Amino acid sequence: MDPLSRFIDGPVGRLDSRWHGPLDGQPVLLLHPHPLFGGTMGSRLVYDLAAGLAAAGMRVVRFDFRGVGRSAGEHGNGIGEVGDAQAAFDALAAEARAGRSDAQPAVVGYSFGGGVATRLATLRPVTRLVAIGTPPRTLRSALVPIEDAPQVRAPAHLVVGDHDEHVSVAEARAFAAAFRPAATLTIVAGAGHFLEPSRNGDVLAAVLAALA
């Protein structure tokens with residue numbers, strides 16, 4: 001089934017989004033990589049995760065942050081993008097409540113999106129947090145995920161390639177240890193920061209296990 005295209009009302013205007021999977025599936029919000037380095041909701045890993053999670057029966061939303069694609073506004077140095085993520089989280093949670101329950105979404109973020117997801121998890125009742133290839137200190141952004149981690153109350157899981165050019169395994173372990181309780185960690189052997197497309201199946205498997 002093709003995803004549904006929808007605009008979400010964001011803090012500075014409309015956010016272009018795609019909604020995948022069954023209405024009664026576990027809600028999951030996906031957050032894309034850094035907009036200043038070409039990240040969009042169409043990034044291959046983000047798309048593959050959306051398709052894979054939806055095929056597993058989950059209700060998945062991905063969207064473009066402000067200033068990307070058809071989304072209104074300009075880049076917000078990470079802080080603005082957290083506001084965008086709150087709006088998308090609230091829209092997905094509202095759909096879940098209207099459809100069947102008060103289930104709150106899980107949040108999965110890739111790279112910069114993982115930094116946004118970590119801050120979001122301090123502001124919203126996220127059920128689970130998964131951060132993929134996320135630096136403890138986000139490049140060209142006001143977000144410092146390793147400082148947000150102790151305030152996250154959701155179970156957290158990190159995924160990193162052991163050849164990631166932006167996040168070493170040691171940095172990922174330190175980031176995981178900053179959560180309370182510590183986040184679990186999947187290390188993808190032989191993978192760099194740009195996992196697509198050959199290692200996306202490994203990442204999907206790790207995310208599915210974390211969300212189970």
With the condition kept exactly as written, say whether any residue in the stretch 1-20 is open to solvent by less than 60 Å² (accessible area, probe 1.4 Å), small (G, A, S) and either under 22 Å from G201 (Cβ atoms) or not in a strand (DSSP E or B) (or both).
no
Among the residues that make up the stretch 170-192, is at least one of them among the hydrophobic types (A, V, I, L, M, F, W, C), in a loop (DSSP other than H, G, I, E, B), without any contact (Cβ under 8 Å) to a residue 12 or more places away in the chain and within 16 Å of L31 (Cα to Cα)?
no
Taking the stretch 130-139 and keeping only residues that are under 13 Å from V107 (Cβ atoms) and either free of Cβ contacts under 8 Å to residues at least 12 places away in the same chain or not in a loop (DSSP other than H, G, I, E, B) (or both), one is left with V130, A131, I132
Selected residue [modelled with pLDDT of 95 or more and open to solvent by 30 Å² or more (accessible area, probe 1.4 Å)] from A93, A72, A85:
A72
Would you pick out the residues in the stretch 140-153 that are under 22 Å from L49 (Cβ atoms) and touching a residue at least 40 places away in the same chain (Cβ under 8 Å)?
S141, L143
Residue that is farthest from S168 (Cα to Cα) [pool: residues in the stretch 93-119 that are assigned to a helix (DSSP H, G or I) and without any contact (Cβ under 8 Å) to a residue 40 or more places away in the chain]:
A98
Assuming V61 fulfils every condition listed in (1) of a type in the set (V, I, T); (2) open to solvent by 10 Å² or more (accessible area, probe 1.4 Å); (3) touching a helix residue (DSSP H, G or I) at 6+ places or on another chain (Cβ under 7 Å) apart from one, which condition is it?
(2)
Taking the conditions exactly as written (in contact with a strand residue (DSSP E or B) (Cβ under 8 Å, 6 or more places away or on another chain), surrounded by 17 or more Cβ atoms within 10 Å (Cβ to Cβ) and either polar (S, T, N, Q) or more than 24 Å from A91 (Cβ to Cβ) (or both)), does F194 satisfy them or not?
no
Of all residues making up the stretch 148-166, the number that are open to solvent by less than 50 Å² (accessible area, probe 1.4 Å) and in contact with a His (Cβ under 7 Å, 6 or more places away or on another chain):
2
Would you tally the residues in the stretch 140-161 being touching a Ser or Thr at 6+ places or on another chain (Cβ under 9 Å) and either basic (K, R) or assigned to a loop (DSSP other than H, G, I, E, B) (or both)?
6
Hey, any hits in the stretch 39-47 for a residue that's out of contact with any Gly (no Cβ under 8 Å at 6 or more places or on another chain), aromatic (F, W, Y) and open to solvent by less than 10 Å² (accessible area, probe 1.4 Å)?
no
Inside the stretch 21-35, can you point out the residues that are surrounded by 14 or more Cβ atoms within 10 Å (Cβ to Cβ) and out of contact with any strand residue (DSSP E or B) (no Cβ under 6 Å at 6 or more places or on another chain)?
Q26, H32, H34, P35
Cβ-Cβ distance below 8 Å, separation of 6 or more or different chains: which pairs start in the stretch 31-47 with a residue that is assigned to a helix (DSSP H, G or I) and modelled with pLDDT of 95 or more and end on one that is open to solvent by less than 50 Å² (accessible area, probe 1.4 Å) and aliphatic (A, V, I, L, M)?
P35/V68; L45/I132; L45/L195; L45/V203; V46/L30; Y47/M41
Can you name the number of the only condition in (1) open to solvent by 20 Å² or more (accessible area, probe 1.4 Å); (2) at positive phi that E171 fails?
(2)
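The values are calculated or read from the model by the stated rules, or taken from the named source; none is laboratory data. Since we're looking at a predicted model, the values are computed, not measured. Cβ atoms come from the backbone with ideal geometry, glycine included; neighbour counts cover every protein chain shown. These area figures cover heavy atoms from the full protein model, side chains too; ligands, DNA and RNA do not enter into them. Shrake-Rupley method; radii C 1.70, N 1.55, O 1.52, S 1.80 Å.
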